[in-house]
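Reading through the structure tokens given below for one structure.
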Amino acid sequence: MKFFITFLTLVISFNTFALANGSAPEAVAEKSDAVIEKIENKYKKINDYYASFRQEQTVTALDKVQTNVGELWIKKPGKVRWNYNVPKNEQIISDGSYLWYYYVEEKYAIKRDLKELGSDTNLLSILSDLNNLKKIYNINISKTTIEANRYYLVELIPVDSEDDSVNKQILAVNMDSLIIERMYIYDAFGNKSTIKFSDIKINKGIKNAVFEFKAPKDVDVQAAP
């Protein structure tokens, strides 16, 4: 649960890098601005989003891979819910005003005011207006083939080099549907998280109740420090 999604700026350059199970990336023939505009226009039309996910986190120092499986719901404006079901039952929930980290088995929850984050962390809202995060990321765009599917690779590198929590992120955007189907997250210690989304459902009318958190009586709720 180290990551929580913040995305995309509009500082465009070209870069090449290799992904596991994919071919070597190619430079994008069409203008990068046009690629960004296509993605932006796609997400402007999306009001809610559901997907199952599988996250494989490689911990270099321990030479091990940790696997998490769960579900993701997102809805404009500002609502998101990540349910981690395997190996532990943990949840990240936001109703647009507050963010909860809920550790179900430990019967413990942390509550945080979203105003403290300083910007909208909702994926759909961010991808609908990419100009909002110009000062946060540099973006490099290329394209590749992964398991017979063609993808734009959107590499996000934090402008703030002092933040070592995330070294870079890569979004694999399906070139046909323009939907993000994979994420690759790298930290400064050489660790890598690969997140694959499946069973994606768009604009199915997700209820606001999905994003409400009411702590059971036996759950200890603490405010974020």
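Assorted remarks:
- Among the residues of the range 178-216, the one identified as assigned to a loop (DSSP other than H, G, I, E, B), polar (S, T, N, Q) and either modelled with pLDDT of 95 or more or on the phi > 0 side of the Ramachandran plot (or both) is Asn203.
- Tyr43 vs. criteria surrounded by fewer than 18 Cβ atoms within 10 Å (Cβ to Cβ), in contact with a Leu (Cβ under 7 Å, 6 or more places away or on another chain) and on the phi < 0 side of the Ramachandran plot: no
- Under the condition of being more than 11 Å from the chain's Cα centre (by Cα) and either within 15 Å of Asn83 (Cβ to Cβ) or without any contact (Cβ under 8 Å) to a residue 60 or more places away in the chain (or both), the residues counted in the range 188-200 number 3.
- Subset of the range 167-206 [under 20 Å from Ser52 (Cβ atoms) and out of contact with any strand residue (DSSP E or B) (no Cβ under 9 Å at 6 or more places or on another chain)]: none
- Selection status of Thr58, polar (S, T, N, Q), in contact with a Lys or Arg (Cβ under 7 Å, 6 or more places away or on another chain), surrounded by 17 or more Cβ atoms within 10 Å (Cβ to Cβ) and modelled with pLDDT under 90: no
- Scanning the range 205-225 for residues that are surrounded by fewer than 11 Cβ atoms within 10 Å (Cβ to Cβ), touching a residue at least 24 places away in the same chain (Cβ under 8 Å) and under 26 Å from Ile180 (Cβ atoms) gives Gly205, Asn208.
- If you go through the range 75-123 and keep only what is touching a helix residue (DSSP H, G or I) at 6+ places or on another chain (Cβ under 9 Å), of a type in the set (Val, Ile, Thr) and at pLDDT 90 or above, you end up with just Ile93.
The values are calculated or read from the model by the stated rules, or taken from the named source; none is laboratory data. Bear in mind the structure is a predicted one, so any value in this text is a computation, not a measurement. All Cβ positions, glycine included, derive from the backbone under ideal geometry; neighbour counts span all protein chains shown.
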